[in-house]
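Report on the following structure.
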Amino acid sequence: MRHLFQWLCLGLLSAGVAGAQNPAPPELVSVKKIWSEAGHNAFTDLLRHKGEWFCVFREADGHVNGNGRIRVLVSPEGEQWQSAALLGEEGIDLRDPKLSVTPDNRLLLTLGGSVYRDRKLVERQPRSAFSPDGRQWTTPQRVGEKGDWLWRVTWHQGRAYGIVYTSPTLPPPGQKGPVDWGLRLVAVEDGLNFRTVTSLAVPAHPNEATLRFLPNGEAVALVRREGFSGTNAAGREAWIGRSSAPYRDWQWQSAGMQIGGPNFLILPEGGMIASGREYHPAPTGAKTFVGRMDRQSVTPQLTLPSGGDCSYPGLVWQDGLLWVSYYSSHEGKSSIYLAKLKLR
């Protein structure tokens, strides 16, 4: 009997640990299309600020056509959305808008500007724009260096941190084999004068990256990797990095899956939730997922209504729900969607 009791206790303990490690998947509360006016609507971000919701994304004729502009939507309750602003720059394809709030309570919009000739990328550089209310914006100002792409910034202790990637157009003299892309951590106090903190040793064409900070100050990064030509699926798996202040020394771990447009949040209880583009073989193709994340892996748990050209989510935790903005072409046209999820 004593041995039976011990086995029962061990079984209950194991079940409890497994349950903690494998929480129930999120529950989809609602999803709705909130914008579909342009030929191609994509690359979203979402923010709650001063009692209003803001959703930003790119409008253009197509995914890579060089005429992108940035639309800003506003809503008091997240149900009815109105256009608040449209940012454009002559001859520049504006892309990948991301929202944050500066220490002096302004909205900061970071975005990229690309130039195409004959549908080939010939120049790119990040921009920053500021607004007191999401309706009136400063002219997007170039920041960083030509060739940089700043994916997203996160504020921590009065400073914004982000990860920049650079893809060289030509290999260094004498180099043979694949040319890798550079990745570095940058920081800024004013949203304009970015400085390099350190280079990040992530191989296999690292690019889009989201950076967050745990309550103890530790930084966690989720980085997309493209892999070299001919690499297997493992060579394209996203990487998770972590570092303590001053964020110069990083440890890296495969996330266990390929992720496009990676984003994640630190939840109030200290856990992490991630979202992005999940890749499947044909005929399923790409989907937008939501799932749990820790320092070792990302685990998809829920697939949002999506398909084709899709993903690039914005994430906000508000009043016990996870709000997710994303784009998808599963209904025939690339449009902007807003989902609300309950975590269990």
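Does at least one position in segment 206-223 carry a residue that is on the phi > 0 side of the Ramachandran plot and surrounded by 15 or more Cβ atoms within 10 Å (Cβ to Cβ)?
Taking segment 206-223 and keeping what is on the phi > 0 side of the Ramachandran plot, we get 217.
So of that shortlist, the ones also surrounded by 15 or more Cβ atoms within 10 Å (Cβ to Cβ) come out as none.
No - not one qualifying residue is present in segment 206-223.
Those residues that are modelled with pLDDT of 95 or more, crowded, with 16+ Cβ neighbours inside 10 Å and assigned to a loop (DSSP other than H, G, I, E, B), I need them from segment 162-192; list them, please.
Once the filter is applied, which keeps residues that are modelled with pLDDT of 95 or more, crowded, with 16+ Cβ neighbours inside 10 Å and assigned to a loop (DSSP other than H, G, I, E, B), segment 162-192 yields only Gly191.
Could you check segment 288-319 and list, in sequence order, the residues that are more than 21 Å from Arg95 (Cα to Cα), among the small types (Gly, Ala, Ser) and within 15 Å of the chain's Cα centre (by Cα)?
Listed by number, the list holds a single entry, Gly291.
If you take just the strands (runs of 3 or more DSSP E) that sit entirely in segment 193-280, which of them hold at least 1 residues that are in contact (Cβ under 8 Å) with a residue 60 or more places away in the chain and among the charged types (D, E, K, R)? Let's see the steps before the verdict.
Numbers: elements: 195-199, 206-213, 219-225, 239-243, 251-254, 259-266, 272-278.
Once the strands (runs of 3 or more DSSP E) in segment 193-280 are filtered for at least 1 residues that are in contact (Cβ under 8 Å) with a residue 60 or more places away in the chain and among the charged types (D, E, K, R), what remains is 206-213.
Looking at segment 291-344, which of its residues are assigned to a loop (DSSP other than H, G, I, E, B) and touching a Cys at 6+ places or on another chain (Cβ under 9 Å)? I'd like the intermediate steps shown before the answer.
Keep residues of segment 291-344 that are assigned to a loop (DSSP other than H, G, I, E, B), which gives 294-297, 305-310, 319-320, 329-334, 343-344.
Scanning segment 291-344 gives Ser329, His330, Ser334.
Would you check which residues across segment 93-118 are over 22 Å from the mean Cα position of the chain (by Cα) and closer than 24 Å to Ala209 by Cα and list them?
Selection gives Val115, Tyr116.
Which residues, counting only those in segment 70-88, are surrounded by fewer than 17 Cβ atoms within 10 Å (Cβ to Cβ) and of a type in the set (D, E, K, R)?
Glu77, Glu79 - these are the residues of segment 70-88 that are surrounded by fewer than 17 Cβ atoms within 10 Å (Cβ to Cβ) and of a type in the set (D, E, K, R).
The values are calculated or read from the model by the stated rules, or taken from the named source; none is laboratory data. Just so it is clear, the structure is predicted and the values come from calculations on it, not from any experiment. Note that each Cβ is placed from the backbone with ideal geometry, even for glycine, and that neighbours are counted across all protein chains shown.
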